[in-house]
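Scroll down for the structure; my scribbles are underneath it.
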Amino acid sequence: MYSTLSSKLKTGLGLGLAPARAQAPVRGFLRGKRCAVLLCAALALAGCAARGPVGLRLNDLLSSDYARMQRKIPYDTFAQIQMALFRHQRLCGGDVTFTADPTHSSYALVTEKDFPGAGWDHTLTIQLVLLLDHPIQATAYSYYAGTERRFDRMFDAIIKPDVCDGKPAAKQASGAKH
């Protein structure tokens, strides 16, 4: 009988079984615990809502749901794209990176993160596909909509590496060869 009464008191189900003078402290104790549990649950839910997609993977991002635009790049090789991005970075700055797919030589990614260490949900991604006797096919992906201008700047960095935000890059003061 004691273990049943004790477990019912702990869960709050046995409040009617306890004497009236013992109910007040138990109810106060349980009310305080309920508030703490509700507060913890609300904070946990708020944290989940603020984070956005947890664990968005590259394969998830590279789906038709997140495709924002397609273009053709007038280069024949990925090396030309890499050189253009290096040149653009040297002249204009920025953090657009090129990554070749180690398992498929016809695929590569050009990415720009919103901030250092950003996940795929905060990374603009352009998937490049190299086809024989055709321009390189590029598809831009972003978890968030409204990124067209940023993608235009990324494509400009590839196609027009000497142009920084719509203006020709300033000449290098060191006189280095290009």
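Computed over the Cα atoms of segment 58-159, what is the convex hull's projected area averaged over all directions, in nm²?
One quarter of the hull surface, i.e. the mean projection, equals 6.3 nm².
What is segment 58-159's relative contact order, in percent, from Cα pairs under 8 angstrom and six or more apart in sequence? Before the final figure, lay out the partial values.
On the way: 164 pairs, mean separation 36.1, N = 102.
Relative contact order, segment 58-159: 35 percent.
At ARG57 and TYR144, where each label point lies 7 Å from the Cα along Cα→Cβ, what is the point-to-point distance in nanometres?
Label at ARG57, label at TYR144, 2.5 nm between them.
Rounded to the nearest 0.05, what FRET efficiency do ASP165 and THR103 have when you use their Cβ-Cβ distance and R0 = 45 Å?
Taking R0 as 45 Å, the efficiency between ASP165 and THR103 is 0.80.
Quick note: the coordinates plus some simple rules give every number you see, no bench work behind them. Every value quoted in this text rests on a predicted model; they were computed, and no experiment measured them. Reconstructed Cβ throughout: ideal geometry from the backbone, glycine too, with neighbour counts over all protein chains shown.
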